[in-house]
């Protein structure tokens, strides 16, 4: 007569080293309880939920719509837009400090006056 080995059976290369812990809120837990009941499993019994969840997760392939999009490129572009906005705000703030009561029309008029005076100076140097 063959003697039975005692203790847990050896798993070999099937041993599970990675641990994933799940937490459920009340509504999700009730849904999980209904799923367990549909498989005639007692949710309060130790060792019933892990094999069920493992089977449900590992037997399904992820669909394209379930996958999360790659957001690294999006984050890069949002960061660049933020940098541009900061630069624009800095220029606007600098303009506001330089001449707080001036409008764009006054700025254009001052620029035109400076250009005309520069043109007059260069014309005088050419003729003189």
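The values are calculated or read from the model by the stated rules, or taken from the named source; none is laboratory data. Since the structure is predicted, the reported quantities are computational estimates derived from the model, not experimental observations. Here Cβ is always computed from backbone atoms with ideal geometry, including for glycine, and neighbour counts include all displayed protein chains.
Quick notes on this structure:
- Test: residue in region 105-115 that is at pLDDT below 85 and either assigned to a loop (DSSP other than H, G, I, E, B) or in contact with a helix residue (DSSP H, G or I) (Cβ under 9 Å, 6 or more places away or on another chain) (or both): yes
- Set 47, 7: member being on the phi > 0 side of the Ramachandran plot and modelled with pLDDT under 80: 7
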